[in-house]
């Protein structure tokens, strides 16, 4: 399966297991996770990344991401309730 098979270009979101998931959610989560885990990230930016990480969790769970993958960073795993 390719990305466009799951979510064609003309759609920006889809329903997965009763949760609406927006296109780009997984990519945004990865970017925010890197920002959040980087020691040099300014406090304000780290706080914003944390809020966005937590907001994305229901969508990522609906996709089943954490059934297949585990985050390496222990602090990130704890933040996301994966410990």
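Brief remarks follow.
- Test: residue 83 is loosely packed, with under 12 Cβ neighbours inside 10 Å, more than 22 Å from residue 12 (Cα to Cα), at pLDDT below 95 and in contact with a helix residue (DSSP H, G or I) (Cβ under 7 Å, 6 or more places away or on another chain): yes
- The residue pairs whose first member lies in the range 1-19 and is farther than 18 Å from residue 65 by Cβ, whose second member is surrounded by 10 or more Cβ atoms within 10 Å (Cβ to Cβ), and whose beta carbons are closer than 7 Å, counting only pairs six or more residues apart or on different chains, are 12/22; 12/23.
- Count of the range 1-45 residues which are assigned to a strand (DSSP E or B) and in contact with a strand residue (DSSP E or B) (Cβ under 9 Å, 6 or more places away or on another chain): 6
- Of the residues making up the range 20-36, those that are within 10 Å of the chain's Cα centre (by Cα) and touching a residue at least 40 places away in the same chain (Cβ under 8 Å) number 1.
- Considered as a group, the residues in the range 65-76 that are without any contact (Cβ under 8 Å) to a residue 40 or more places away in the chain and part of a helix (DSSP H, G or I) include one that is nearest to residue 16 (Cα to Cα), and that residue is 65.
- Being closer than 24 Å to residue 15 by Cα, surrounded by 15 or more Cβ atoms within 10 Å (Cβ to Cβ), within 9 Å of the chain's Cα centre (by Cα) and touching a residue at least 24 places away in the same chain (Cβ under 8 Å) is a property that residue 62 lacks.
- Filter pass, residue 48 being surrounded by 15 or more Cβ atoms within 10 Å (Cβ to Cβ), without any contact (Cβ under 8 Å) to a residue 60 or more places away in the chain, out of contact with any helix residue (DSSP H, G or I) (no Cβ under 9 Å at 6 or more places or on another chain) and not in a loop (DSSP other than H, G, I, E, B): no
- Tallying residues that are closer than 19 Å to residue 69 by Cβ and touching a helix residue (DSSP H, G or I) at 6+ places or on another chain (Cβ under 9 Å) within the range 20-34 yields 9.
The values are calculated or read from the model by the stated rules, or taken from the named source; none is laboratory data. Since this is a predicted model, take the numbers as computed values, not measurements. Please note: Cβ atoms are built from the backbone with ideal geometry, for glycine as well, and neighbour counts cover all protein chains shown.
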